[in-house]
Amino acid sequence: MAKKSRKNQQQGGTPATVALTSAGVPFTLHAYDHDPSHPSYGEEAAEAMGVSPDRVFKTLVADVDGTLTVAVVPVAGSLDLKALASAVGGKRAAMADPALAERTTGYVRGGISPLGQRKRLPTVLDASAATHPTICVSAGRRGLEVELSPDDLAGLTEAILAPVGRA
């Protein structure tokens, strides 16, 4: 199995796209030229794909009472840390150390996907995702997004839907 995943990754796949393909989930891959000087990876993705920023979601890793937790929120807004803690039954949340987030997920900052992470983390998907037929999230590297239904994303990540984003 690992050899197949490595082969898929060498052919342009990432752990996220391999997970989607293995699960038989329909998705559309969007590649664009990433500009490292752009101030926001998510807004850059929305602009490059010509998609409304409220349909492009960023993947953030936070520490909730000592447990790394993934929050998936629209790039047009920010994460409400109190709401995230509440959604998972915690008291306090803070953004995780970027190096720890990278080591734990297996992805680099700006390319962290909620899918195919090295270690499965509790995941919360902002409730606004349910208002769209499809949303875009990182496919596992900068300049690569995957478009899929919010229901499929929530199912694959075992995400809780909760209002954790703020405009």
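Note on Ala31 and Thr67: their simple-model spin labels are 3.8 nm apart, each label 7 Å out from Cα toward Cβ. Gain on full extension, evaluated as 0.36 nm per residue between Thr21 and Met49 minus their Cα-Cα distance, stands at 7.9 nm. An ellipsoid equivalent to the chain, defined through the eigenvalues of its Cα gyration tensor, has semi-axes of 23, 18, 16 Å when rounded to whole angstrom and sorted largest first. Scalar couplings 3J(HN,Hα) for the range 117-130, obtained by applying the Karplus form with A = 6.51, B = -1.76, C = 1.60 to θ = phi - 60°, are 6, 4, 10, 5, 10, x, 10, 10, 9, 4, 4, 5, 4, 5 Hz; x denotes Gly and Pro.
Long hydrophobic helices in the chain: none of the complete DSSP H runs spans 20 Å or more by Cα along its own axis with mean Kyte-Doolittle hydropathy of at least 1.0. Its Cα centre serving as origin, the range 14-157 has a Cβ charge dipole (Lys and Arg +1, Asp and Glu -1) of approximately 560 debye.
Between the range 61-93 and the range 30-50, the alpha-carbon centres lie 24 Å apart. Computed over the Cα atoms of the range 29-77, the ratio of the radius of gyration to the Kirkwood radius (Rg/Rh) comes to 1.06. Rounded if a/c is under 1.5, else prolate if a/b is larger than b/c, else oblate: which is the range 31-112, with a ≥ b ≥ c the root eigenvalues of its Cα gyration tensor? Oblate, because a/c is 1.5 or more while a/b does not exceed b/c. Packing order of peptides 144-157, 15-28, highest average first: 144-157, 15-28 (average count of other Cβ atoms within 10 Å over each peptide's residues).
Using the Cα centre of the range 119-167 as the reference point, and only Cβ charges (+1 on K/R, -1 on D/E), how large is the resulting charge dipole? Debye, rounded to the nearest 20.
Its charge dipole is roughly 300 debye.
Each of Ser40, Pro74, Gly106 was scored by the projection of its Cα onto the charge dipole of the chain, and the greatest displacement toward the positive side belongs to Gly106; charges sit on the C-beta of Lys, Arg, Asp and Glu. Counting only protein heavy atoms and using a 1.4 Å probe, what share of the accessible area of the chain belongs to carbon plus sulfur, as a whole percent? Carbon-and-sulfur percentage of accessible area, whole number: 51.
Summed over qualifying helices (DSSP H, 4 residues or more, each -39500 (n - 2.57)) and divided by its residue number, the chain shows a 222 nm mean residue ellipticity of -8000 deg cm²/dmol. Calculated FRET efficiency, Ala127 and Glu158, Cβ-Cβ r, R0 22 Å, to nearest 0.05? Approximately 0.85, to the nearest 0.05.
The values are calculated or read from the model by the stated rules, or taken from the named source; none is laboratory data. Fair warning: this is a prediction, and the values are worked out from it, not measured in the lab. Virtual Cβ from ideal backbone geometry, glycine too; neighbours counted across all protein chains shown. Calculation scope for accessible area: heavy atoms of the full protein, side chains included, ligands and nucleic acids excluded. Shrake-Rupley method; radii C 1.70, N 1.55, O 1.52, S 1.80 Å.
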